[in-house]
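**Student:** To start, I am sharing the structure in question, which I have written as structure tokens.
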Amino acid sequence: MSIIAAKHPSNLTKYIRLAAGLFVILIAVSSADAQTLNVRISVISTAPARLRIDAHLPEATKTLSFRNAYAGVLGLGERIESVSGIRDNGSIVSIRNAAPGEFQAAEPFSHFTYEVNLPEPTRQAQMSHVSSLNPERGVLMLADLLPQSTQVSTSFSSAQVNLDVPVGWTIASNLKGTGSQYSTDDPEISVFLIGPTLHEKHQQLAATDLTVVTSGKWPFSDNDVSKIAGRILSEYSRITQFTLKRNAVLMVIPYAGDVGPQSWAAETRGNVVVLLLGRKASRKKVLAQLGIVLSHELFHLWVPNSLKLAGDYDWFFEGFTLYRALRTDLRLGLISFDDYLDTIARVYDSYRSAPEHDQLSLLDASERRWTTSSSLVYDKGMLVAFLFDLSLRKVTNCQDSLDDVYAELFRLPATGQSNANETIIGILNRQGELKTLTRDYVENAAPVDLEPIISAYGIQLQAAAGSTGSKLILDRSAGSSQKKLLACLR
Ligand SMILES: [Zn+2]
């Protein structure tokens, strides 16, 4: 089973309300031979921030390997300290630190202890991606706290976790559990939020159980968050016609410092969204930004996290998701139609400013996401989704839209794992007249040309001039067929 976590750094001003991100594919071990790691995680100090972990592996090993890098955060393995193996008689097996996060012993052991030094990440935006702890709260992610289970010698596919937190603190998690005891068959996506001021609210939506956990004081109420998250989840259930298999958990954490909601960072990991958001603004402003961020993040619960697709298809699950979230913003009244057009124009300028914008297909850009082409995956992906949506509406007289692509995608048999790019291009190409879009932009490096399709809607591209960016403006002399198409886009 592969799990994909979609992650986002904050403050990408070009989207204003939208965000780019990073992603990785985490390979979980087969569950055929379920092996359980038993672990006790204790907060021993919040300043300095330290955890003590006592673990029993299902089988003895001579090596332990911890994650060292994730989502651009490096040196994670250096936080793992004082690793000792423990023999049955209680004597110590000495373990050598071979490299950051890599530990080796001369003899096998299955019981071991270690400490994790958890200073604040150097950048706040990293806090949605890796574990952190301070006197106000902790975000504990098993993916970077436990040894990786991919090596045969330390193979485990599930974990039983006991969590000891400071007096007066409570625990929230996307794991099933009671009190301080939790279990998971998916350690890679397991997250705990701990702290003295957690609020937890459950809401049963039509088909989804939503848990909202907030930490700290906010200008909005828990109800406000549940309400907007609920509206967005309902919208995506409707579009995909797919019911999430697990409950959804949303953790909302203050972005440190005296900052407003324009500062934020998020990662959607399995069934949990970890969101850091600046809170220094009015209730209305913070909620407005929360809605915009969630319309993107919550869609990741479906795409890619509920799809059994393999391969580099970031152009679709990030680029197309940016666009689909923009449609949600419009539909739920979070933005106006002018905002919708302005966002497309801004992304178009950002896309055109990328030096490689006419040199990479979306398939190539997705493969090179970690090196040079990360913005192209978002910008070009979003623009191609826009072109595809408008083209599909046009050729079907507004009967179909990009929404139908998602419904089709989720109608595919859920057995096995298929090639993402083949599958998605196959669905996009079902409307024969649109094959040129996937050929030119997804498979080849043709530069994005908005004008032919937007003109059918009576929309004109006003080129950027001086410090003013491009604008998409409505043609006042548009004919009735253009007006009719435009009406179905609004
Ligand atoms: Zn994303």
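The values are calculated or read from the model by the stated rules, or taken from the named source; none is laboratory data. Just so you know, these numbers come straight off a predicted model, no measurement behind them. Reconstructed Cβ throughout: ideal geometry from the backbone, glycine too, with neighbour counts over all protein chains shown. Accessible surface is based on the protein model in full, side chains and every heavy atom, while ligands, DNA and RNA are left aside. Shrake-Rupley method; radii C 1.70, N 1.55, O 1.52, S 1.80 Å.
**Student:** I'd like to check one number: the per residue accessible area of the chain, probe 1.4 Å, reported in Å² as a whole number.
**Tutor:** Solvent-accessible surface per residue comes out at 40 Å².
**Student:** If you don't mind, there's one more thing I want to ask. At a 10 angstrom cut-off on C-beta neighbours, averaged per residue, how do the peptides 451-462, 263-274 rank from highest to lowest?
**Tutor:** 263-274, 451-462
**Student:** Further question on the same structure: Can you give me the solvent accessible area of residue 433 with a 1.4 Å probe, rounded to the nearest 10 Å²?
**Tutor:** For residue 433, the solvent-accessible surface is approximately 130 Å².
**Student:** Relative to the Cα centre, what is the charge dipole magnitude of the chain, using +1 at the beta carbon of each Lys and Arg, -1 at the beta carbon of each Asp and Glu, and rounding to the nearest 20 debye?
**Tutor:** Rounded to the nearest 20 debye, it is 1280 debye.
**Student:** Right, another one. Return the whole-Å distance between the Cα centroid of segment 278-352 and the Cα centroid of segment 77-146.
**Tutor:** So the separation of the two Cα centres works out to 35 Å.
**Student:** Report, as a whole number in µm² per second, the diffusion coefficient that Stokes-Einstein gives for segment 33-194 at 20 °C and 1.002 mPa s using the Kirkwood radius over alpha carbon pairs.
**Tutor:** 135
**Student:** Expressed as an acute angle from 0 to 90° and rounded to the nearest 10, what is the orientation of the C-alpha long axis of helix 374-395 relative to the principal long axis of the chain?
**Tutor:** Helix 374-395 and the main axis of the chain meet at about 40 degrees.
**Student:** Expressed as a whole percentage, what fraction of the accessible surface of segment 33-194 belongs to carbon and sulfur atoms when a 1.4 Å probe is rolled over the protein heavy atoms?
**Tutor:** 48
**Student:** Here's another thing I want to ask about it. How fast does segment 309-489 diffuse by Stokes-Einstein, in µm²/s, taking the Kirkwood radius from C-alpha pairs at 37 °C and 0.692 mPa s?
**Tutor:** 195
**Student:** Classify the chain as rounded, prolate or oblate, taking a ≥ b ≥ c as the square roots of the eigenvalues of its Cα gyration tensor: rounded when a/c is under 1.5, otherwise prolate if a/b is larger than b/c and oblate if not.
**Tutor:** Judged from the Cα gyration tensor, the chain comes out prolate (a/c at least 1.5, a/b above b/c).
**Student:** Angle, helix 222-240 long axis vs. longest principal axis of the chain, Cα atoms, 0 to 90°, nearest 10?
**Tutor:** The two axes meet at around 60 degrees.
**Student:** Calculate for the chain the 222 nm mean residue ellipticity that helices alone would give, adding -39,500 (n - 2.57) per DSSP H run of length 4 or more and normalising by residue count, nearest 500 deg cm²/dmol.
**Tutor:** Computed mean residue ellipticity for the chain: -8000 deg cm²/dmol.
**Student:** Something else about it: So what's the gap between the Cα centers of segment 173-235 and segment 435-490, to the nearest angstrom?
**Tutor:** 40
**Student:** Full-extension gain between residue 107 and residue 474, please, as 0.36 nm times their residue separation minus the C-alpha to C-alpha distance.
**Tutor:** Result: 124.8 nm gained on full extension.
**Student:** Sticking with this structure for a sec: By per-residue mean of other Cβ atoms within 10 Å, what is the highest-first order of 468-478, 219-229? Walk me through the numbers on the way to the answer.
**Tutor:** Numbers: 468-478: 14.3, 219-229: 18.0.
Ranking the peptides 468-478, 219-229 by packing returns 219-229, 468-478.
**Student:** Starting from the Cα-Cα distance between residue 339 and residue 404, subtract it from 0.36 nm times their residue separation and give me the gain in nm to one decimal. Mind showing how you got there, number by number?
**Tutor:** Values: separation 65, 0.36 × 65 = 23.40 nm, distance 2.37 nm.
Additional length available on full extension: 21.0 nm.
**Student:** Set the Förster radius R0 to 41 Å, insert the Cβ-Cβ distance between residue 358 and residue 96 as r into 1/(1 + (r/R0)^6), and round the FRET efficiency to 0.05.
**Tutor:** Efficiency, rounded to the nearest 0.05: 0.20.
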